[in-house]
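Here's the structure, in structure tokens; my notes come after.
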Amino acid sequence: TKIQYGNKLKELSFNTSASLFGTDGPPRRKGKERIANFHGTIDWNLTDKLNLMAGSAFINGSREFVNIVEPGAPNIANREEKFDPLSTLITYLKFDYKADNGSETELQMNYTYRDVEHSSYNIVNESTTIIDEKDWEYGFNILHSRPLSSSNTLRLGGLYNHWEAPNGKRYYVGRSCNVHTWSGVIADEQKVGRFLFDAGFRIIGGYIVEWGGFGIEGSAAGFQNVEPVEDETAPFEWQSAAGVTYMLSNALSFHYNFSGGTIAPRKGSLSEEGTSPETEGRFQYDIGFRYKCPRDNEFSVSTFHTKRRNAIDYSGNTVTTDNDMVLELYENLDKRSYGLELATKINVPALNSIIFGNAMIMKGEKESEDKMIDDNQLPKIILNGGVSYEKSVFDASLFMHYTGPYSNNRFVNPSWVAQNGDFPLGDFISADITAGYTFSGRFPIRIFGEVKNILNEEYQTVAGYPDAGRLFNLGLKINY
């Protein structure tokens, strides 16, 4: 259920909403949820040049983890987890100033507070561990854009964020986390005739006041005794992007894009040697074209090539900490992928319909014993398609999806993998359908129904967590 109200009072407009969601989860697999959400925003033109936007959201409720099924790893199957109670407050404030010379400056500020109680019941030991996972963060972001000429725009930005979890989170409960993060960015757009050039560069850094999640010396047995990282500079990362677009006509354009940079390991990530993985370097190239005709029909084709040096990849192994948490282990290895992406949208006025579809055909490879082999953890094909229909008071839509086969042993019982090999995932078709009828009048009322996973496929995209199958929804929406 959801109720929403908004209005405009001279130079100030606002919107508020309250919603409630509940489910008992898949039969005999837990997953019960009760979530209430309260949200509000304002948009206020303080002057002709200065605008203020602000918003706040409060989420409260509880959420059980869905139980894993065979051949799920025993250390996951033997416990039941939930967040109860769960509460989160999110706030933001944004000022937007537009000067007479065409420049624009935007200042954003945010604050988030989370108070979650995590409960883990060990079925074998018949014991329950309750942990208070309280944390908060705040920050600001400033972005300035300035036209250097009628065809050139320069953008500069900076970001700061401070996150603190006095008692740690999840895997690192009991270890204080206190981290400052900052970044700076510069970007430029230049138009020359039918060409549009753009480029940008971002640098990311930070400072670690305290972090207890780094480094387990080969075993989780001494997890609580590992010395925390204190008063150290966080590893630097950089990201870059550049591109060029050529407008052959108002309908046809060609494009080339490049992006590259480094990705530092997630804080607390560990290799099987008990050390932090190396920083990953990632570079991607895209080239293609797009055709868009006057009636909003579109067609695009793009090829891509991604190269990942020292890619941070899940090794397939885990360790269990003293407080019964499962910690994933990672490894560094080279990866690359390349393929083709296609997308189309066709407007059919005679049928009051829009037909759409997209496809990705890809080949992934990874390093193994100093040579590149097929990466079977990536699907080779992903297809999406559908049709939407709307005429007078009736509307309907159909969406279909196909993911090709792939494999992943994450969360799988190691003994099962030893006997059967990699766990198969993907290779499924799913379809959703929605239909609605709107009664006109002073207060328009729309009655709608939808069926998700109409084919009732219990497919898996993560081992041990199959889709719950066909789901029917009925409802109504009243506008007043």
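Using Cβ point charges alone (K and R +1, D and E -1), the dipole size of segment 224-307 about the Cα centre works out to roughly 880 debye. Neighbours of Leu46, meaning other residues whose beta-carbon lies under 13 angstrom from its beta-carbon, give a summed charge of 0 when Lys and Arg score +1 and Asp and Glu score -1.
On the principal axes of its alpha carbon atoms, the chain extends 63, 53, 52 Å, with the longest extent given first. Of the cross-linked pairs Lys49/Lys94; Lys30/Lys82; Lys292/Lys345; Lys345/Lys477; Lys82/Lys169; Lys32/Lys477, which ones have a Cα-Cα span greater than 18 Å in the structure shown? Too far apart for the 18 Å limit: Lys345/Lys477; Lys32/Lys477. Per residue, the chain exposes 57 Å² of accessible surface when a 1.4 Å probe is rolled over the protein heavy atoms with every protein chain present. Projecting the Cα positions of His255, Phe58, Pro414 onto the charge dipole of the chain (unit charges on Cβ atoms of Lys, Arg, Asp and Glu, taken about the Cα centre) puts His255 furthest along the positive direction. Near Asp198: Cβ cut-off under 12 Å, other residues only, Lys/Arg at +1 and Asp/Glu at -1. The net charge is 0. Dividing the alpha-carbon radius of gyration of segment 352-480 by the rule-of-thumb value 2.2 N^0.38 Å gives 1.48. Extending 7 Å from Cα along the Cβ direction at Leu342 and again at Lys307 yields two label points whose distance is 2.8 nm. Note on segment 44-155: Kirkwood radius taken over Cα pairs, Stokes-Einstein applied at 37 °C and 0.692 mPa s, translational D equal to 180 µm² s⁻¹. When a 1.4 Å probe is rolled over the protein heavy atoms, the share of accessible surface on the chain that falls to carbon and sulfur comes to 56 percent. Among residues other than Glu64 with Cβ under 15 Å from its Cβ, the summed charge is +2 (Lys and Arg +1, Asp and Glu -1). If R0 is taken as 51 Å, the Cβ-Cβ distance between Leu154 and Tyr314 corresponds to a FRET efficiency of 0.80. Extension gain, Phe443 to Lys94: 0.36 nm times the residue separation minus the Cα-Cα distance gives 122.2 nm. The relative contact order of segment 104-156, computed from alpha carbon pairs under 8 Å that lie at least 6 residues apart in sequence, is 39 percent. The alpha-carbon of Lys10 sits under 17 angstrom from the alpha-carbons of these aspartates and glutamates, leaving out residues fewer than 8 places away in its chain: Asp43, Asp48.
Here segment 89-164 is assigned +1 on the Cβ of each Lys and Arg and -1 on the Cβ of each Asp and Glu. Its dipole about the Cα centre then comes out at about 560 debye. Residues of the chain were split at every exposed loop site, defined as GluC sites (Glu not before Pro) in a DSSP loop with at most 10 other C-beta atoms within 10 angstrom, and the longest piece left, sites excluded, is 127-368.
The values are calculated or read from the model by the stated rules, or taken from the named source; none is laboratory data. Note that the coordinates shown come from a computational prediction; the quantities given were computed from them, not determined experimentally. All Cβ positions, glycine included, derive from the backbone under ideal geometry; neighbour counts span all protein chains shown. For the accessible areas, the whole protein counts, side chains as well, though only heavy atoms, and no ligand, DNA or RNA atoms are used. Shrake-Rupley method; radii C 1.70, N 1.55, O 1.52, S 1.80 Å.
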